[in-house]
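No lab work stands behind these numbers, since they all come straight from the coordinates. The model shown is predicted, which means the values in this text are computed figures rather than measured ones. Note that we place each Cβ from the backbone using ideal geometry, even for glycine, and neighbour counts take in every protein chain shown.
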Amino acid sequence: MESTTQTRYPSVVGIDASNWIAFDSLPRDQEQSHRLHEPEHMNNSIDPITGRDIVDRASHPHIDDGILTIYFESEETRKAYLDTPVDHPFMKLPGKPGADDDRGG
């Protein structure tokens, strides 16, 4: 019978080493990008009133708000969106508000 032994080589990076730190970073990674989470422009193609997706955005009304464009299914839903109060979207609450309710103010 032949007996073989396996040679074990030490790993370069220990898997169990939780505090492993890379030695050198690439030149592009020397400083964190300031635009990492800043999109240049966002388009919302879902009508916020009806919840339906707008496929042909060119023929539908929209609102431009800085870097956000919101598209609407019709002029009526656009007007309903603009008429919604900012602090509270419901005109009549189903009951009395509690003391611990968030007033959004």
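Considering all different alpha carbon pairs of the stretch 36-83, the Kirkwood hydrodynamic radius works out to 11.1 Å.
For Thr69 and Gln30, what is the calculated FRET efficiency with R₀ set at 30 Å and r taken between the beta-carbons, to the nearest 0.05? Intermediate values should be presented prior to the final figure.
On the way: r = 35 Å, r/R0 = 1.17.
Working from the Cβ atoms, E equals 0.30.
Close amide H contacts of Ile46 (hydrogens built in the peptide plane, cut-off under 5 Å, sequence separation of 5 or more or a different chain): Ile54, Tyr71.
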